[in-house]
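**Student:** The structure follows.
The values are calculated or read from the model by the stated rules, or taken from the named source; none is laboratory data. Please read all numbers here as calculations on a predicted model, not as lab measurements. Glycine also receives a Cβ, built like all others from the backbone with ideal geometry; neighbour counts cover every protein chain displayed. These accessible areas exclude ligands, DNA and RNA; they are computed on the full protein's heavy atoms, side chains included. Shrake-Rupley method; radii C 1.70, N 1.55, O 1.52, S 1.80 Å.
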Amino acid sequence: MNTRFGILGTGSIVGKYAQACRLLPGLELVAIASRDAARARAAAAKFEIPCAHAGYESLLADTGVDAVIIALHNGLHCEWTCRALAAGKHVLCEKPLACNAGEVAQMFAAAQTHHRWLMEAFMYRFHPQMPEILRRMRAGEIGRVLHINSHRMSQGREASNMRYQRDAGGGALLDIGCYCVSLAQAVTGAEPIRVQANAHFDPATGVDLTLTGMLVFPEDVTANFCCSFESEPSYGAEIVGTTGRILIPNPWMPPVWPSDFTIVRAGKSEIIRMTPPEVPAHILAPFALELTHFAECIRQDRAPVFPPGDNAECDSLGIARTLDSVIAAARFG
Ligand SMILES: NC(=O)c1ccc[n+]([C@@H]2O[C@H](COP(=O)([O-])OP(=O)(O)OC[C@H]3O[C@@H](n4cnc5c(N)ncnc54)[C@H](OP(=O)(O)O)[C@@H]3O)[C@@H](O)[C@H]2O)c1
């Protein structure tokens, strides 16, 4: 039986989910909701979604929807996730799961109360490159991990974007720095025991426009990262070990195919090009893999996991706790 998704919000991300559902067996995007009826109808027509709802509540009452994708701005994630869970829907909520760890805990408590699954939509973790990098690292290919470096920088959003509103969960750390924190915690399998951070805050809105953080993990493993809304677009990551390094040019949005990363050992570089399995390329797209995984969890009634096997709840709560500490360190020292 197909898993029938509904989506709240009409932002840019809708097209990715609509494409994945259109191309994959077993998945359907059956409904979309907007605060504005005309916007819902326009998005439904554009993305070939059968049902347009005026208002989010109306979609939650739709008995033809099994699971809801929360594609609203960060400040609405907690409220609408909890309402969707209470309405009996499973929830795939866009990253960051919420504005702080308190909200994340509340959301997982609601999932438990209503016996529904909740997963944070960190799609980059589902691209085959990330499990392969973690597998090689854990197999000791770069020795003992010492340090992780990563960055994600962008610019050019209009001033009215919710990313510039502090009470809507705006700021570079929550929007894109969350990727860097997620990677560092996936690599170390731990939460940091100490954080330091510095940020350039927008004097008008109070949101962090550029933030640099340092995380110290158990056994003195460290991670540095930088995220920005005011820089020339740039991204990348590096995992440094005692006997080698892994360079990841496209950690967050790897091309579906081909995607490369490099392992450097004793000054020699080996480029690892992911060999496509015998499946069509669109099935390898991170959004498609993420949706497929979540739909399987719903069908088989098992907890979603982040590859290669961390429990999604621990992972998302841990990331949120670190994000709280980092922004506090940047604001208050
Ligand atoms: N995984 C990824 O690659 C990826 C990429 C981009 C974004 N995201 C995440 O997806 C989420 C949505 O991002 P986005 O760029 O689509 O955000 P956005 O355009 O700021 O907001 C998304 C939707 O929120 C709804 N909304 C409700 N109240 C609103 C208000 N007061 N002001 C403005 N919009 C309001 C709007 O839908 P209606 O007005 O139609 O109801 C809007 O389309 C964020 O959490 C973001 O981090 C993830």
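**Student:** Would you be able to tell me the number of residues in the stretch 1-13 that are buried (at least 21 other Cβ atoms within 10 Å of the Cβ) and closer than 20 Å to Asp175 by Cα?
**Tutor:** 4
**Student:** Let me spell it out: the conditions are (1) free of Cβ contacts under 8 Å to residues at least 24 places away in the same chain; (2) within 14 Å of the ligand (Cβ to nearest atom), and Ala33 meets all of them except one. Which number is the exception?
**Tutor:** Every condition holds for Ala33 apart from (1).
**Student:** For the stretch 22-42, name all the residues that are open to solvent by less than 10 Å² (accessible area, probe 1.4 Å) and either outside the structural domain of Thr63 (by TED's automatic domain parsing) or not in a strand (DSSP E or B) (or both).
**Tutor:** Ala40
**Student:** Residue pairs, Cβ under 9 Å, 6 or more apart or interchain, first in the stretch 291-304 and on the phi > 0 side of the Ramachandran plot, second surrounded by 13 or more Cβ atoms within 10 Å (Cβ to Cβ). List them.
**Tutor:** Asp301/Trp117
**Student:** Considering (1) modelled with pLDDT under 85; (2) loosely packed, with under 15 Cβ neighbours inside 10 Å; (3) part of a helix (DSSP H, G or I), say which one Val279 fails and leave the rest.
**Tutor:** Condition not satisfied by Val279: (3).
**Student:** Check Tyr17 against each of (1) open to solvent by 10 Å² or more (accessible area, probe 1.4 Å); (2) in a helix (DSSP H, G or I) and name the one condition it does not meet.
**Tutor:** Going through the list (1) open to solvent by 10 Å² or more (accessible area, probe 1.4 Å); (2) in a helix (DSSP H, G or I), Tyr17 breaks only (1).
**Student:** When you scan the stretch 172-260 for strands (runs of 3 or more DSSP E) that lie fully inside it, which ones turn up with 3 or more residues that are away from the ligand (no atom under 16 Å from the Cβ), farther than 23 Å from Phe287 by Cβ and touching a residue at least 60 places away in the same chain (Cβ under 8 Å)? Don't jump to the end; show me each part of the working.
**Tutor:** On the way: elements: 194-201, 208-216, 222-228, 234-241, 245-248.
Answer list for the stretch 172-260: 194-201, 222-228, 234-241.
**Student:** Then there's this: Give the residues of the stretch 157-171 that are at pLDDT below 95, in a loop (DSSP other than H, G, I, E, B) and within 24 Å of Met123 (Cα to Cα), sorted by residue number.
**Tutor:** Within the stretch 157-171, Arg157, Asn161 qualify.
**Student:** Would you be able to tell me the number of residues in the stretch 92-112 that are open to solvent by less than 30 Å² (accessible area, probe 1.4 Å), more than 16 Å from the ligand (Cβ to nearest atom) and under 21 Å from Ile327 (Cα atoms)?
**Tutor:** Residues meeting the conditions: 1.
**Student:** Further question on the same structure: Would you point out the residue of the stretch 157-168, among those that are in contact (Cβ under 8 Å) with a residue 24 or more places away in the chain and loosely packed, with under 15 Cβ neighbours inside 10 Å, that is farthest from the ligand (Cβ to nearest atom)?
**Tutor:** Only one residue tops the list, namely Asp167.
**Student:** Restricting attention to the stretch 61-90, and to residues there that are away from the ligand (no atom under 13 Å from the Cβ) and β-branched (Val, Ile, Thr), which single residue is farthest from the chain's Cα centre (by Cα)?
**Tutor:** Thr63
**Student:** Does Met153 satisfy the condition of being touching a helix residue (DSSP H, G or I) at 6+ places or on another chain (Cβ under 6 Å), surrounded by 17 or more Cβ atoms within 10 Å (Cβ to Cβ) and not hydroxyl-bearing (Ser, Thr, Tyr)?
**Tutor:** no
**Student:** Still on this structure, please answer the following. Cβ-Cβ below 7 Å, separation at least six or inter-chain, first residue in the stretch 1-29 and free of Cβ contacts under 8 Å to residues at least 12 places away in the same chain, second among the β-branched types (Val, Ile, Thr): which pairs?
**Tutor:** Short answer, once both residue conditions are applied: none.
**Student:** So which residues in the stretch 65-75 are over 18 Å from Gly11 (Cα atoms) and open to solvent by less than 20 Å² (accessible area, probe 1.4 Å)?
**Tutor:** Val65, Ala67 - these are the residues of the stretch 65-75 that are over 18 Å from Gly11 (Cα atoms) and open to solvent by less than 20 Å² (accessible area, probe 1.4 Å).
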